[in-house]
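Have a look at the structure below, then the notes.
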Amino acid sequence: MPSPVISFQDYGFQYMAQAAPTLHHINLDIYPGEKVLIAGTSGSGKSTIGNCINGLIPFAYPGQKTGKLLVDGKEADTGSIFELSHTVGTVLQDTDGQFIGLTVGEDIAFAAENDCVPQDEMKQTVDKVAKLVDIDHHLQHAPHELSGGQKQRVSLAGVMVEDVKVLLFDEPLANLDPSAGRTTIELIDMVHERTGAAVIIIEHRLEDVLWRSVDRIVLMDEGKIIADMSTVKLLTGKNLLEHGIREPLYLTALRYAGVEINEALHPEHVEHLVLTEEHKAKVREWYQARKGDISSVGHGEELLRVEHLDFGYTPQRRTLQDVSFTIHKGEMVSIVGRNGAGKSTLAKLICGFEKPIGGSIYMEGRDLSDDTIKERAMRIGYVMQNPNQMISKPMIWDEVEMALVQSGMPKEERKERVEETLKVCGLYPFRNWPVSALSYGQKKRVTIASILVQRPQVIILDEPTAGQDYHHYTEIMEFLKELNGRGYTIMMITHDMHLMLEYTPRAIVFSEGRMLADTTAAHVLNNPELVKRANLKETSLYTLSMACGIDNPQVFTECFIGYEQKEGYNG
Amino acid sequence: MKKLSVKSVVAIGIGAALFFVLGKVSIPTPVPNTVISLQYAVEAVFATLFGPIVGMLIGFIGHTLLDATSYGPWWSWIIASAFVGLVIGVVTMKMEIGEGLDTKKIVRFNVAQVIAHLLAWGLVAPCLDILIYKEPLEKLFAQGMMAGISNIITTGIVGTLLLVAYAKTVVRRGSLNKED
Amino acid sequence: MANIAILSYLKRDSLVHELTGTTKLIFFIAWSVATMVTYDTRVLVVLLFLSIVIFKISKVRLYDIRIVLGLAVIFVVLNNLFVYLFAPEYGVELYESRTVLFTIAGPYTVTLQQLFYHLNMTMKVACVVPVALLFIACTDPSEFAASLASIGVSYRIGYSVSLALRYIPDVQREYHNISQAQQARGIDLSGKDKVLTRMKNSVAILLPLVLSSLNRIETVSNAMELRGFGKDKKRTWYSQRKMQRNDWLAIALAVVVFVADMTITFWDGSRYYNPFL
């Protein structure tokens, strides 16, 4: 047995600014060439483990450690971050932050430049690595000309110019649309095979990572290692849900149907499931018993109507073409499609941030063309993806009150309105807190409150759950569901397939500036043609239902969601 | 000279990008041909947070890029912008904003920015203009005073508000209690 | 995106483009200093002529730089106007003679000397603007950092410039998005509010922008350290190009112009050429 390339020995760590340790008694060995997934919720300590391995801890984030960490046989904190970078290559979550060069070529070469590698040699290495991750045709491109998936390839190439022994991926799926995420997992797998480096993936989206197999999974919670075992063992156990990680959908469906998840089932991958006839019969039975329950949602009155909307920053390049749809009162709708498909542009047009070059938008039958941004905001609220980009006052109360102050509303009335909004959003107990004391999910609530205070009828949210673990995702979505229940009409721009499936009965699909479909979420994801064109990803429920010989995967998916909402796990 | 830390290098780069972007956004004022230059407020905040060298280079690089992409560099004013960052950085040195902001610190920040702008626009820029471009004294001082006063007001208001807000966001969850 | 007048790199095939960034940087600095120093009309005429020739060679069309050129013209006109308003007799002082052409009103007399001063002042700007614009339009931004390093600037500072260029589009997009979302909440900087109110309002856009920039600084510096930035006294550059024959010729030209400029300007102990004496 070779010696481990990374070895945590009864390791603990406490950040300087924090009152309690983040990691406790970690014992973990990772061997050369292994592929390991470290899973856990945000705050579980999984990112801290990553930072210990690459040296950001203690060199950029100082603190107190106990025990030992050996990287490539040497104590990690005795050298420098530079020494460690020769052993460990890190791909950060924020691909824009990691893309430092002005062009792809420069960015890939960055580490070699710092190593004073002569230019000729550097160019050869860059070409070789770029070819490996299939970005060699874009060497002259600037970062804003690339998609999220392409930027990630550049990041990967950038750490591969050094012959590293360990490749560390920090939440590689966080900013990608579903199909780009899948490609990334395939890419990581390929790089793992070709280079023979040990691969560590830090992620909470278990099912997506398992698209390609890993050697073992380390499950973390509250700074401790809960489980360190093979994928099969972990999936057949009960650890996952208890520690806030969502198990693959097909396994949940099998459990609902009464199938026991054991090793004989080969549960790691939906395509390789070994289902006996008895299992399949159980799933079919479950499906037959429930398919009658599905109630179609009746339409309310028309609220927002978009007709033949056209838009482009230049006349030649249209970012939106001939978009028409109607939103009814009380609906909850997903707007889906790959990054850059025109979803955000649509939201900006509806809010009046940009002017369309053709077509019109109606609210309760009235043309909005002449309304200013401010006037529209009284009816349509827009919530940006990142709450930190919206919050502009240090105190919660002031932040929520801002729009009312701007509109010149008298103080008494303001107070009443703000209190009411804070209560609706569950923020009333925190009303005199600074925003900085809140968690991400609570900040999101503050931004939603700051919009609701103007009492709009429709709220448009841009990627409300991007980068959130299952717990925060559920928290945010359940809150939105509650608002929807109070009569607010909600439109969500998203590329999260679970969100669309679980929370929005209806989905409008975009691709390259055109509307591809306007149908039920389950229908979208069970239509391979649509899935492909919109860069989405079919769910494993589709594959499972096919394997069980169910004639209508769409209805099967709807049954699953219906069942989950009634009896499944919530938060 | 001590080497610039990697963080300082990045702070200069991003700070200069901010300086540039804000310089392009002109907020009109009732006085013709004068705009509120928000970039100086941000330069002042960065100089306070990251020190004089960072402040100076943000002014120098940011202003050079701004001029070079609009009408060709006007060196005397570029140097004055760099000088503003340098002076504010020196006067506010070791003033740890992260540990809270009191009236004393706010006063010091404002003393720093007033001195910096007065010297930069009242002395540095006009003198360089005389040296380089031989422009008449009367015009230069009138111009310098106008820019100086407008920048002092902008930095005083916007910069101070930013600094106060920033200090509040750094405060961590401590003795906060929920209220019913 | 808002229409922001901005000059950027224009990829063309020309002699000027072929020169390395280092050459262009040296040329640009020498040229700037030369025009800053001199007030000698004869020298300025030659420099102006040369800069127009260089502009022709670069294959950059006037149309490409019309916005920037327009701004430069406005700037020069206003500057001239202000100078005249504040010091209508400045030329007389400088050239120690007074030839009145006509009188506008009160102290505002138009003298030949004043006009000559304005001509010189305008030429000074006119000499440097084409070269400065060309420097921006013909130099691949990727070469900036390496060029600065090759003339002796610390590579750390050189890289700051590169980072500024890298993140300007990102910061711009972010500013744009934040200000749109805040407009929906009643924050409008171009509105009819009082200046003071607008300043306070601007904080609602600047605070999120500054906080997110501080986050960005943290991420980017982590990413750079993880890839070994700053470990050695020097570094190599992927996009640096080798000096060719033309580079040396261009630098030689810059040196000749610079030396000639200095010599002629200071020959008689004065920066001015005075035709009136």
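Nothing in this text is a laboratory measurement; each read-out follows from the coordinates by a stated rule. Since this is a predicted model, take the numbers as computed values, not measurements. Methodologically, a virtual Cβ is constructed for each residue, glycine included, from the backbone with ideal geometry; neighbour enumeration extends over all protein chains shown.
Would you work out which of A:His498, A:His272, A:Val458 lies farthest towards the positive end of the dipole of chain A? Charges go on Cβ: Lys and Arg +1, Asp and Glu -1.
Result: A:Val458, furthest along the dipole toward the positive end.
Over 24 Å apart: what share of the alpha carbon pairs of segment A:396-512 falls there, rounded to a whole percent?
29 percent
Average the reciprocal distances over every distinct pair of alpha-carbons in chain C, invert the result, and give the Kirkwood radius in Å.
Value: 22.6 Å, from the Cα pair sum.
Would you mind ranking B:Asp102, A:Asp96 so that the residue whose beta carbon has the fewest other beta carbons within 10 Å leads the list?
In order of increasing Cβ crowding within 10 Å: B:Asp102, A:Asp96.
If you bin every alpha carbon distance in segment C:5-85 into 5 Å steps from zero, what whole percent lands in each bin?
It works out to 3, 12, 14, 22, 25, 15, 6, 2, 1, 0, in whole percents.
Just report the Cα centroid separation between segment C:248-277 and segment C:103-157, whole Å.
Taking the Cα centre of segment C:103-157 as reference, the centre of segment C:248-277 is 16 Å away.
Could you tell me the extents of segment C:69-199's C-alpha atoms along the three principal axes, largest first, rounded to whole Å?
57, 49, 23 Å, listed from the longest principal axis down.
Of B:Lys104/B:Lys168; A:Lys68/A:Lys128; C:Lys24/C:Lys56; A:Lys423/B:Lys104; A:Lys393/A:Lys423; A:Lys374/A:Lys532, which ones are farther than 27 Å apart at the Cα?
A:Lys68/A:Lys128; A:Lys423/B:Lys104; A:Lys374/A:Lys532
If the only charges are +1 at each Lys and Arg Cβ and -1 at each Asp and Glu Cβ, what is the size of the charge dipole of segment C:154-238 around the Cα centre, to the nearest 20 debye?
240 debye
Quick one: Kirkwood hydrodynamic radius for segment A:251-334, alpha-carbon pairs, angstrom, one decimal?
17.6 Å
For peptide A:384-397, how many partner chain Cβ atoms fall within 10 Å of a residue's Cβ, on average?
Average neighbour count from other chains, rounded to a whole number: 5.
For segment A:470-540, compute the orientation-averaged projected area of the C-alpha convex hull (one quarter of its surface), in nm².
Answer in nm², one decimal: 5.1.
Ignore the peptide's own chain and count Cβ atoms of other chains within 10 Å of each Cβ in A:428-438; give me the average, rounded.
Rounded to a whole number, the mean comes out at 4.
Take the alpha carbon atoms of segment A:230-266, find their center, do the same for segment B:114-152, and report the distance between the two centers in whole angstrom.
Using only Cα atoms, the two centres lie 73 Å from each other.
Normalise the Cα radius of gyration of segment A:6-238 by 2.2 N^0.38 Å (N = residues in it) and let me know the number.
Scaled against compact globular proteins, the figure is 1.00.
Quick one: grab Rg to one decimal and Dmax as a whole number for chain A, Cα atoms only, in Å.
Looking at chain A, its Cα Rg and Dmax stand at 25.0, 75 Å.
Report, in cubic angstrom per residue, the convex hull volume of the C-alpha atoms of segment B:6-170.
110 Å³
In the neighborhood of C:Val46, defined by Cβ-to-Cβ distances under 15 Å, what is the net charge if each Lys or Arg adds +1 and each Asp or Glu adds -1?
Spelling it out: positives minus negatives among the neighbours equals 0.
How charged is the neighbourhood of B:Gly13? Take every other residue with its Cβ under 12 Å from the Cβ of B:Gly13, and add Lys/Arg as +1 and Asp/Glu as -1.
+3
Would you list the P(r) distribution for segment C:166-277, with all Cα-Cα distances sorted into 10 Å bins from 0 and each bin expressed as a whole %?
Reading upward from the zero bin: 10, 19, 15, 15, 22, 18, 1.
Once the dipole of segment C:154-238 is set up with Lys and Arg at +1 and Asp and Glu at -1 on Cβ about the Cα centre, which of C:Phe229, C:Val203, C:Ser179 lies farthest towards its positive end?
Value: C:Phe229.
Counting each DSSP H run of 4 or more residues in chain A as -39500 (n - 2.57), what helix-only mean residue ellipticity at 222 nm follows after dividing by all residues, to the nearest 500 deg cm²/dmol?
-11000 deg cm²/dmol
Please compute P(r) over all alpha-carbon pairs of segment A:220-376, binned at 5 Å starting from zero, and give each bin as a whole-number percent.
Binned Cα distances yield the sequence 2, 7, 12, 12, 9, 8, 7, 9, 10, 11, 9, 4, 0.
Check the straight Cα-Cα distances from B:Lys105 and name the aspartates and glutamates below 15 Å, setting aside those fewer than 8 residues away within the same chain.
B:Glu96
With Cβ to Cβ distances under 12 Å as the rule, what net charge do the other residues near B:Val91 carry (K, R +1; D, E -1)?
Here the count lands on +3.
Take the alpha-carbon centre of segment A:172-197, take the same for segment A:481-519, and report the distance between them in whole Å.
The distance from the Cα centre of segment A:172-197 to that of segment A:481-519 comes to 27 Å.
Can you give the Kirkwood hydrodynamic radius of the protein assembly as shown from its Cα pairs, in Å with one decimal?
31.5 Å is the Kirkwood radius here.
Modelled label-to-label distance, A:Thr276 and A:Asp127, 7 Å Cα→beta-carbon offset: nm?
5.9 nm
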